[in-house]
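Notes follow once the structure below has been shown.
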Amino acid sequence: MQDCIFCKIVAGKAPSWKVYETDRVYAFLDINPVNPYHTLVIPKSHYKDIYDVPEGDLRAISSVIKYLTTLYQEKLGIRNVQIINNSGKEAQQDVFHIHFHIVPRHLGDGQNIHWETHPEMRDKFDQM
Ligand code: 5GP
Ligand code: ZN
């Protein structure tokens, strides 16, 4: 995909801070990190989102996420992490080449993902 920044990164036509790669997957530091070692894991082929990506690529991405979180634990002592994928504009996806965020977390990092919860929706579980 010509206009895709992540395709350009994979092709070496845009700079990136590579962490790891396999034949199918590329991992690099997020340019606007939430915390140190905030990493993006992407397929080398262009797929838009979770609906678009084939299962094989998703498995390959999953293996790299497991590998890197283990590596960060062993080498850096990172033991708290959020794995995030946003798929779709209304789900706050900004770059439309599927990616998984590995966001290391630690006490006092000033970050906070806060969900508004709706216990009253339990009434609708049977319908759902
Ligand atoms: P999204 O909101 O789509 O889940 O996340 C997109 C992420 O890609 C953001 O965290 C953003 O900082 C990152 N990003 C956007 N452009 C670039 C880039 O050119 N290089 C790198 N390394 N990260 C990028
Ligand atoms: Zn792409």
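Things worth noting here:
- Enumeration of residues in region 1-36 that are more than 10 Å from ligand 1 (Cβ to nearest atom) and of a type in the set (S, T, N, Q): Q2, T22, N35
- Taken together, the residues in region 37-56 that are open to solvent by 20 Å² or more (accessible area, probe 1.4 Å), within 14 Å of ligand 1 (Cβ to nearest atom) and farther than 11 Å from H97 by Cα amount to 1.
- Residue within region 114-125 that is crowded, with 17+ Cβ neighbours inside 10 Å and hydrophobic (A, V, I, L, M, F, W, C) present: no
- Long-range neighbours under 7 Å by Cβ, at least six apart or interchain, first residue over 25 Å from I84 (Cβ atoms) within region 104-128, second open to solvent by 100 Å² or more (accessible area, probe 1.4 Å): none
- Number of positions in region 103-113 that are farther than 29 Å from V53 by Cα and open to solvent by less than 60 Å² (accessible area, probe 1.4 Å): 1
- Summed over region 97-128, residues that are in contact with a Phe, Trp or Tyr (Cβ under 9 Å, 6 or more places away or on another chain) and in a loop (DSSP other than H, G, I, E, B) total 3.
- The residues on offer are Y72, Y47, Y37, Y26, and the sole one that is part of a helix (DSSP H, G or I), aromatic (F, W, Y) and out of contact with any Cys (no Cβ under 8 Å at 6 or more places or on another chain) is Y72.
- Filter result (in contact with a Leu (Cβ under 8 Å, 6 or more places away or on another chain) and open to solvent by 60 Å² or more (accessible area, probe 1.4 Å)) within region 1-28: W17, Y20
- Qualifying residue in region 57-69 (condition: open to solvent by 30 Å² or more (accessible area, probe 1.4 Å) and in contact with a Leu (Cβ under 9 Å, 6 or more places away or on another chain)): no
- Top-ranked residue of region 75-102 - restricted to ones that are polar (S, T, N, Q) and open to solvent by 30 Å² or more (accessible area, probe 1.4 Å), ranked as nearest to ligand 1 (Cβ to nearest atom): N86
- Of all residues in region 31-42, those being within 16 Å of ligand 2 (Cβ to nearest atom) and under 10 Å from the mean Cα position of the chain (by Cα) number 3.
The values are calculated or read from the model by the stated rules, or taken from the named source; none is laboratory data. Predicted model only: the values in this text are computed from it and were never measured. All Cβ positions, glycine included, derive from the backbone under ideal geometry; neighbour counts span all protein chains shown. Accessible surface areas use protein heavy atoms only, side chains included; no ligands, DNA or RNA. Shrake-Rupley method; radii C 1.70, N 1.55, O 1.52, S 1.80 Å.
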